[in-house]
Amino acid sequence: APDFAMSAVLGHQPPFFPALTLPPNGAAALSLPGALAKPIMDQLVGAAETGIPFSSLGPQAHLRPLKTMEPEEEVEDDPKVHLEAKELWDQFHKRGTEMVITKSGRRMFPPFKVRCSGLDKKAKYILLMDIIAADDCRYKFHNSRWMVAGKADPEMPKRMYIHPDSPATGEQWMSKVVTFHKLKLTNNISDKHGFTLASPSDHATWQGNYSFGIQTILNSMHKYQPRFHIVRANDILKLPYSTFRTYLFPETEFIAVTAYQNDKITQLKIDNNPFAKGFRDTGNGRREKRKQLTLQSMRVFDDRHKKENGTSDESSSEQAAFSCFA
């Protein structure tokens with residue numbers, strides 16, 4: 001059988017992902033031309049008829065029946081996307097949203113949730129999200145405000161997060177809020193939570209060197225913009241050949257930090273994030289809270305000791321209290 005590498009196919013196809021420039025309108029849709037081209041289908045069908053093993057078409061090609069690679073019927077739809085919890089996002093955006101990044105990965109708060117409408121009920125769609133640099137600047141928090149501190153550091157190759165329910169019908173997507181709460185932000189450049197749809201040599205032919213994963217690698221003190229994508233396709237292997245409809249919301253823009261810089265943002269997170277209980281009330285962590293509770297209990301014990309034994313030497317009662325809590 002003749003050689004048939006996926007790189008030969010991908011090398012002549014339209015760009016995989018949208019350009020990384022931001023449109024002037026907040027939720028304006030961007031589109032890329034290109035559907036699954038017929039010559040490619042002819043080659044794939046020809047490969048099947050001549051007995052070429054599907055493993056030579058890519059590491060995951062043998063997992064998909066040939067039927068899913070056929071072009072879908074033309075569908076007329078007009079997708080619209082609504083950002084959930086917009087009022088909360090606006091509160092954060094007004095003060096300069098910060099998102100903590102860690103080596104192990106930290107989830108976003110507010111979480112990125114959207115509601116879709118205008119999809120074809122029977123057609124299948126793949127929903128994705130990615131986070132791109134909003135500009136080419138590095139920032140610092142000075143005099144209670146963010147200001148430019150220099151040129152941005154080089155960005156790591158970006159990852160796209162595919163919603164785990166993909167692909168699903170338009171009716172399924174429109175019946176619920178689409179949430180990306182499992183996506184994590186990290187500054188770990190050696191993070192392995194990613195994969196590609198083709199082998200590394202083939203993947204280099206794709207524009208932007210995108211991969212997929214549950215964590216996206218960001219630089220601290222840099223500004224980022226989340227993006228949401230709708231792709232009408234019934235198989236993930238069609239992504240390189242499909243049209244991307246891209247939506248972004250300016251109020252979801254944020255600065256990545258390793259520790260919160262703005263006290264107002266910290267307070268907003270405490271007030272609205274149910275998982276920030278360790279910092280609620282006192283604003284301190286668990287260790288500090290345990291220390292305060294212990295000291296408070298010691299004072300109660302000391303007062304009770306004085307009442308039972310009359311006035312006593314302060315140092316002796318303190319010693320008794322410490323021996324009790326030892």
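If I ask for residues that are out of contact with any Pro (no Cβ under 8 Å at 6 or more places or on another chain) and open to solvent by less than 20 Å² (accessible area, probe 1.4 Å), which ones from segment 228-250 would you list? Walk me through it before giving the result.
Pass one, segment 228-250, residues out of contact with any Pro (no Cβ under 8 Å at 6 or more places or on another chain): 228, 231-232, 237-240, 242, 247, 250.
Selection gives Phe228, Val231, Lys238, Leu239, Pro240, Ser242, Tyr247.
Condition first: open to solvent by less than 10 Å² (accessible area, probe 1.4 Å) and touching a helix residue (DSSP H, G or I) at 6+ places or on another chain (Cβ under 7 Å). Now tell me which residues in segment 251-264 satisfy that.
Across segment 251-264, the qualifying residue is only Thr252.
Select, from Ala256, Ala326, Ala233, the only residue that is at pLDDT below 55 and either more than 29 Å from the chain's Cα centre (by Cα) or under 29 Å from Ser166 (Cβ atoms) (or both).
Of the residues listed, the single one that is at pLDDT below 55 and either more than 29 Å from the chain's Cα centre (by Cα) or under 29 Å from Ser166 (Cβ atoms) (or both) is Ala326.
Pick from segment 79-103 the residues that are open to solvent by 90 Å² or more (accessible area, probe 1.4 Å) and over 18 Å from Asp263 (Cα atoms): which of them is modelled with the lowest pLDDT? Show your work before the answer.
First, the residues of segment 79-103 that are open to solvent by 90 Å² or more (accessible area, probe 1.4 Å): 80, 82, 87, 94-95, 103.
The next check asks that each one be over 18 Å from Asp263 (Cα atoms); those that pass are 80, 82, 87, 103.
Working: Lys80: 96, His82: 97, Glu87: 96, Lys103: 93.
Result: Lys103.
The values are calculated or read from the model by the stated rules, or taken from the named source; none is laboratory data. Just so it is clear, the model here is predicted, and its values are computed rather than measured. Methodologically, a virtual Cβ is constructed for each residue, glycine included, from the backbone with ideal geometry; neighbour enumeration extends over all protein chains shown. Protein only, heavy atoms only, side chains kept; ligands, DNA and RNA dropped before computing areas. Shrake-Rupley method; radii C 1.70, N 1.55, O 1.52, S 1.80 Å.
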